[in-house]
Amino acid sequence: MNFLHTLGHAARNLAPIVIVVAVFQALVLRTVPDGLLSMVVGLTIVVFGVALFLQGLEMGIFPIGKNLSNALARRGSLLLLMAFGFTLGFATVIAEPALIAVAEQAELISEGRIEGLILRLIVALSVGAVVALGILRTIMGHPLHWYILTGYVLVVLVTFFAPEEIVGLAYDSGGVTTNIVTVPLVAALGLGLAASISGRNPLRDGFGLVALAVMVPMITVQLYGIIVFAGAEVDAPGNGETAAMDADTDLPGAGERHWLSAMGMDLLLMLRDVAPIIAVIVVFQYFVLRKRIPYLPRVIFGFVLVVLGLYAFVVGLKMGLFPIGESMAEQLIANELFLWVYLFAFSIGFATTMAEPALIAIGQKAEEAARGSLRGNVIRILVALGVAIGITIGVHRILAGDSIHQYIMAGYLLVIVLTILAPKQIVALAFDLGGVTTSEVTVPLVTALGIGLATHLEDRNVLIDGFGLIAFASIFPIVTVMVYAIVVDIYERWTGRDRAQQEDST
């Protein structure tokens with residue numbers, strides 16, 4: 001992939017956010033935000049970071065992952081495939097930039113009670129286990145809706161008992177696991193397996209791995225929260241306390257550390273994040289397949305770009321996207337422009353989702369698998385509308401001060417009912433679409449928006465009220481896609497019955 005093309009791709013992904021924020025600043029708030037230059041520099045660094053990261057994936061991780069998947073599938077060993085699925089799921093999620101951003105914010109806001117690395121390990125282990133389970137489901141031909149229904153009943157039950165401090169974070173953690181790294185690899189693995197097994201339908205059996213990867217972390221992170229907050233009073237930052245968002249103190253050069261040593265340490269941390277992916281490739285390539293890695297220098301250079309891209313991405317977040325989200329929330333609340341808060345949330349949700357590259361890719365795959373009965377553009381509009389509605393409802397919950405338990409449980413009960421009613425061939429795709437709606441650029445901004453709103457509203461607890469917007473962005477695309485499928489199914493049955501009656505009368 002040409003780097004300039006990748007850079008343009010990253011810039012296009014960021015453009016909807018810039019346009020929406022610029023329109024609101026110019027036409028609604030009519031002010032220039034404080035620290036504008038720093039924000040612009042941060043956004044530029046984000047674009048370069050994402051471009052480097054994507055270029056590294058294309059040069060190193062994706063080709064090797066595809067070759068490994070094909071070679072292991074040819075061996076025909078179920079145990080080997082499940083082991084590869086587990087390690088692939090774990091390795092890609094532990095290095096997921098959006099999860100890193102959310103985990104860092106959770107650790108800061110909870111004042112260390114929630115440890116960022118432990119949170120990421122729990123989520124990565126959950127995804128690894130569920131990818132292995134999804135491979136087993138595809139090979140055995142089990143209907144996905146039984147897995148989904150069982151899983152989300154467990155999600156709702158655990159939510160009922162989980163402390164408020166962990167619920168929003170748990171659902172957000174599930175929503176950010178399937179993103180820039182995970183979706184292409186996991187989706188390709190599922191579709192490849194379905195295509196290679198006779199009697200399997202790619203639309204029905206190939207999709208679903210992403211959906212399972214979203215669901216299980218919601219359960220495990222809530223269980224982690226039950227343990228962490230058991231019998232403890234949480235004094236998380238409330239109104240006016242913005243320690244979590246004062247990210248500038250965390251940048252290279254902060255405090256007394258020399259900026260070069262700080263940069264070196266942060267790069268080592270990024271290398272630690274990518275190390276599991278390297279370990280998976282080395283173990284399976286050299287010890288299982290016993291083959292050399294083709295084009296090794298190119299692959300090594302790809303991994304170097306991944307590490308540098310991750311580092312630039314995190315630095316850019318702290319300089320650009322986090323301050324933008326906090327600034328917009330602060331200005332809209334200070335001017336009591338609550339109606340505009342809703343419109344801003346809806347606009348950000350719709351605009352960024354329409355530009356989401358993972359959604360475009362899944363939409364194209366779905367159109368191919370459905371042989372033209374589904375249109376990729378229709379899918380994108382449905383999903384973007386669902387994300388916009390979800391984020392708007394999530395913002396309303398924060399403004400109203402309502403309990404996240406009630407909203408989340410009601411949302412997933414609706415999803416369970418729709419899963420029972422929807423045509424079974426659309427269920428796997430609908431749940432996968434709920435998992436690919438939040439990009440590496442959207443997640444930090446939406447997270448910052450939620451935290452900013454909770455920070456600047458009276459009687460709000462940032463840990464309880466600040467998280468959860470990503471969760472709503474994941475729930476409602478499932479709803480819009482399945483409602484659309486149900487309506488189309490009813491319409492086709494109705495018109496089919498009318499045609500049959502007309503043929504009988506003639």
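The values are calculated or read from the model by the stated rules, or taken from the named source; none is laboratory data. Values in this document were obtained by computation on a predicted structure and should not be read as measured data. Methodologically, a virtual Cβ is constructed for each residue, glycine included, from the backbone with ideal geometry; neighbour enumeration extends over all protein chains shown. Remember, those area values only see protein heavy atoms, side chains included, never the ligands or the DNA or RNA. Shrake-Rupley method; radii C 1.70, N 1.55, O 1.52, S 1.80 Å.
Things worth noting here:
- Candidates in region 281-296 are the residues that are under 15 Å from residue 84 (Cα atoms), aliphatic (A, V, I, L, M) and part of a helix (DSSP H, G or I); of these, the one that is most open to solvent (accessible area, probe 1.4 Å) is 283.
- Residue 405, sole failed condition from (1) at pLDDT below 75; (2) closer than 23 Å to residue 212 by Cα: (1)
- Close pairs (7 angstrom Cβ cut-off, 6 or more residues apart or separate chains): within 18 Å of residue 168 (Cβ to Cβ) in region 406-433, assigned to a helix (DSSP H, G or I) and of a type outside the set (A, V, I, L, M, F, W, C) anywhere: 407/397; 408/159; 408/171; 409/159; 412/152; 415/152
- Any chance residue 40 is open to solvent by 10 Å² or more (accessible area, probe 1.4 Å) and at pLDDT 75 or above: yes
- Selection status of residue 107, over 15 Å from the mean Cα position of the chain (by Cα), closer than 28 Å to residue 164 by Cα and at pLDDT 85 or above: yes
- Options 446, 488, 479; residue that is surrounded by fewer than 24 Cβ atoms within 10 Å (Cβ to Cβ), at pLDDT 75 or above, within 18 Å of the chain's Cα centre (by Cα) and assigned to a helix (DSSP H, G or I): 479
- Sub-6 Å Cβ pairs linking a first residue in region 292-309 that is under 17 Å from residue 67 (Cβ atoms) to a second residue that is open to solvent by 70 Å² or more (accessible area, probe 1.4 Å) and outside any helix (DSSP H, G or I), at least 6 apart or interchain, number zero.
- Of the helices (runs of 4 or more DSSP H) lying entirely inside region 44-126, those carrying at least 3 residues that are open to solvent by 10 Å² or more (accessible area, probe 1.4 Å) and within 25 Å of residue 212 (Cα to Cα) are 62-75, 78-94.
- Residues in region 1-42 that are part of a helix (DSSP H, G or I) and charged (D, E, K, R): 12 only.
- Residues that are modelled with pLDDT of 65 or more and open to solvent by less than 50 Å² (accessible area, probe 1.4 Å), drawn from region 243-278: 262, 264, 266, 267, 270, 273, 274, 275, 276, 277
- Which listed residue is modelled with pLDDT under 80 and in a helix (DSSP H, G or I), from 193, 154: 193
- Single unsatisfied condition, residue 384 versus (1) small (Gly, Ala, Ser); (2) modelled with pLDDT under 75; (3) at negative phi: (2)
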